[in-house]
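One structure below.
The values are calculated or read from the model by the stated rules, or taken from the named source; none is laboratory data. Predicted, not measured: the structure shown is a model, and the values here were computed from it. Note that we place each Cβ from the backbone using ideal geometry, even for glycine, and neighbour counts take in every protein chain shown.
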Amino acid sequence: MSIREINFDGIVGPSHNYAGLSLGNLASARNAGQVSHPRAAALQGLDKMRSILALGLVQGLFVPQPRPARGWLAGLGTTVDGADATLAANAMSASAMWAANAATVSPAPDTADGKCHLTVANLKTMPHRSHEWPATLAQLRVAFGSEAFAVHGPVPPAFGDEGAANHMRLAPSHGEAGVEVFVYGVSAGPFPARQHFEASKALSRLHRLDPARAIFIAQSEEAIAAGAFHNDVVAVANGPVLFAHEKAFAERDVLLAELAAKVDGFELVEVADADVPLADAIKSYLFNAQLVTAPDGVMTLVAPTECRDTPSVAAWIERHLASNGAIRRVDYVDVRQSMANGGGPACQRLRVACDPADVDPRFLVDEAKLDRLTAVISRAWPDEIAVADLQADAVIANVERARAALLEALDLTKLASG
Ligand code: SUG
């Protein structure tokens, strides 16, 4: 078995829009009411996948969900036409594009039964995200249908779970036993804490982790209040390296002591608030970058272009690269359409360490497949969507047609209804 890191990116759905639905997500609030560009958004996502392939990594995808979410509206006793504008927007969100919130993943070397465990996230805190999980689960069951995986339904909705965005894994290498860090939120001033401690504990049990190698740590209240609605906005891990803002965690010293004791070769790359204030970290999404080890062994940060454009962040990156630190290369990607809704490069991907041979190949991509997807999206995705038009018949027909064309191109029409 050869375990490799695979990033499964959510293809940006044709209903991508800026309805401003996520309280505590500053970009989503700032851009509420803007006209979105679904085609450009999806093409930016495909270009990011090409950047990852170019590094020599394996790349995967998830498909957009059926929108509008007609079944969810029916459960609320209404329809697309009958719903008020807010409810309709909740049913039209393309938020499943942020695959880091699809599930939490514990790779085989960490689990008692030697399977790679995935638990779909219930995303119960935000209405527009709470109806994602059934279609996500259907997809996980196909992509990870082999014996090598154990796919779990959601943790009961009493406890909010937002998936891998609040989970990090540190290990000497992807194929070795790791330490899993579950980050939860307690209280957040004006904003909701989305990951509940009980949900994190449940995940560690469901995934059959060794309790000695699971760490539970609270997000700092200051980080959530500053707009870090998910931990992956202020921290990311790769191999034995933790890259984090100094204000990410409530009990920073406790976490670092545990990691130093439990992870062979643990290395901290910490950014001081004096160098990059929390507000700049959140605006630029420095930590919502993909920190990956290319096959040539070079640890690379695939960061949003906003990092280059934020002076404190650009200066920090320059100093770090010159200092011979753990991150040896920084590549920039333009995912501005997603960023405007608070989703950076790392939000768009679910990282799964597994043997690529165990994954349904329809969920893996190469350049040729990306070319085919580019053609479908260029032809079928709407150029733009105004929030006021989210219930318009023509918009809805276009969104449904576009998704059907994509499923057809990927030979995944069995996912048509969810
Ligand atoms: O849940 N934005 C998402 C962004 C998720 C980012 N994911 C990670 N950090 N892993 C969210 O807040 C936009 C809201 C709208 O469509 O109006 C939104 O849902």
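Give the number of residues within segment 1-31 that are more than 13 Å from Gly343 (Cα to Cα), touching a Leu at 6+ places or on another chain (Cβ under 8 Å) and aliphatic (A, V, I, L, M).
2
What is the one condition in (1) of a type in the set (Ser, Thr, Tyr); (2) more than 13 Å from the ligand (Cβ to nearest atom); (3) in a helix (DSSP H, G or I) that Thr86 does not satisfy?
Checking Thr86 against (1) of a type in the set (Ser, Thr, Tyr); (2) more than 13 Å from the ligand (Cβ to nearest atom); (3) in a helix (DSSP H, G or I), the one that fails is (2).
If I filter segment 48-65 for residues that are assigned to a loop (DSSP other than H, G, I, E, B), modelled with pLDDT of 95 or more and within 10 Å of the ligand (Cβ to nearest atom), do I get at least one hit? Don't jump to the end; show me each part of the working.
As a first pass, look at segment 48-65 and keep what is assigned to a loop (DSSP other than H, G, I, E, B): 55-57, 63-65.
Checking which are modelled with pLDDT of 95 or more leaves us with 55-57, 63-65.
With within 10 Å of the ligand (Cβ to nearest atom) added as a condition, the list becomes none.
Within segment 48-65, not a single residue is assigned to a loop (DSSP other than H, G, I, E, B), modelled with pLDDT of 95 or more and within 10 Å of the ligand (Cβ to nearest atom).
May I ask you to list pairs of residues, at least six apart or on different chains, whose Cβ atoms are under 8 Å apart, with the first in segment 351-367 being touching a residue at least 60 places away in the same chain (Cβ under 8 Å) and the second being part of a strand (DSSP E or B) and surrounded by fewer than 16 Cβ atoms within 10 Å (Cβ to Cβ)?
Final answer for the pair search is Ala353/Arg4; Cys354/Arg4; Asp355/Arg4; Pro356/Arg4.
Residues Ser323, Ser312, Ser284: which one is modelled with pLDDT of 95 or more, of a type in the set (S, T, N, Q) and within 18 Å of the chain's Cα centre (by Cα)?
One residue alone meets the criteria, Ser284.
Evaluate the following for Ala121: is it touching a helix residue (DSSP H, G or I) at 6+ places or on another chain (Cβ under 7 Å), within 16 Å of the ligand (Cβ to nearest atom) and without any contact (Cβ under 8 Å) to a residue 60 or more places away in the chain?
yes
Among residues belonging to segment 145-158 that are of a type in the set (A, V, I, L, M) and part of a strand (DSSP E or B), point out the one that is farthest from the ligand (Cβ to nearest atom).
So, considering only residues that are of a type in the set (A, V, I, L, M) and part of a strand (DSSP E or B), the one farthest from the ligand (Cβ to nearest atom) is Ala150.
Can you name every one of the helices (runs of 4 or more DSSP H) wholly within segment 254-350 that holds 2 or more residues which are farther than 26 Å from Thr104 by Cα?
Once the helices (runs of 4 or more DSSP H) in segment 254-350 are filtered for at least 2 residues that are farther than 26 Å from Thr104 by Cα, what remains is 278-284, 311-322.
Run down Val186, Val105, Val142 and say which single residue is buried (at least 24 other Cβ atoms within 10 Å of the Cβ) and either in a helix (DSSP H, G or I) or not hydroxyl-bearing (Ser, Thr, Tyr) (or both).
So the residue among Val186, Val105, Val142 that is buried (at least 24 other Cβ atoms within 10 Å of the Cβ) and either in a helix (DSSP H, G or I) or not hydroxyl-bearing (Ser, Thr, Tyr) (or both) is Val105.
I'm told Asp161 meets every condition in (1) without any contact (Cβ under 8 Å) to a residue 60 or more places away in the chain; (2) within 12 Å of the ligand (Cβ to nearest atom); (3) of a type in the set (D, E, K, R) except one. Can you identify the failing condition by its number?
(2)
Quick check on my filter: what residues within segment 156-170 are buried (at least 24 other Cβ atoms within 10 Å of the Cβ), within 12 Å of Leu203 (Cβ to Cβ) and of a type in the set (A, V, I, L, M, F, W, C)?
Result: Ala164, single match.
Kindly list the number of the only condition in (1) within 15 Å of the ligand (Cβ to nearest atom); (2) under 28 Å from Leu415 (Cβ atoms); (3) in contact with a helix residue (DSSP H, G or I) (Cβ under 8 Å, 6 or more places away or on another chain); (4) in a loop (DSSP other than H, G, I, E, B) that fails for Phe191.
(2)
For segment 159-174, name all the residues that are at pLDDT 95 or above and in a loop (DSSP other than H, G, I, E, B).
Residues satisfying the conditions are Phe159, Gly160, Asp161, Glu162, Ala171, Pro172.
Going by the structure shown, is Ser130 more than 12 Å from the ligand (Cβ to nearest atom) and either surrounded by 24 or more Cβ atoms within 10 Å (Cβ to Cβ) or not acidic (Asp, Glu) (or both)? Break it down stepwise before answering.
On the way: more than 12 Å from the ligand (Cβ to nearest atom): no; either surrounded by 24 or more Cβ atoms within 10 Å (Cβ to Cβ) or not acidic (Asp, Glu) (or both): yes.
No: the conditions fail for Ser130.
Give the residues of segment 214-233 that are surrounded by fewer than 19 Cβ atoms within 10 Å (Cβ to Cβ) and over 19 Å from Phe159 (Cα atoms), sorted by residue number.
Of everything in segment 214-233, those that are surrounded by fewer than 19 Cβ atoms within 10 Å (Cβ to Cβ) and over 19 Å from Phe159 (Cα atoms) turn out to be Glu222, Ala225.
Could you give me the residue pairs with C-beta distances under 8 Å whose first residue belongs to segment 286-298 and is touching a residue at least 60 places away in the same chain (Cβ under 8 Å), whose second residue is in a helix (DSSP H, G or I) wherever it lies, and which are 6+ apart or on separate chains?
Gln290/Ile52; Val292/Ile52
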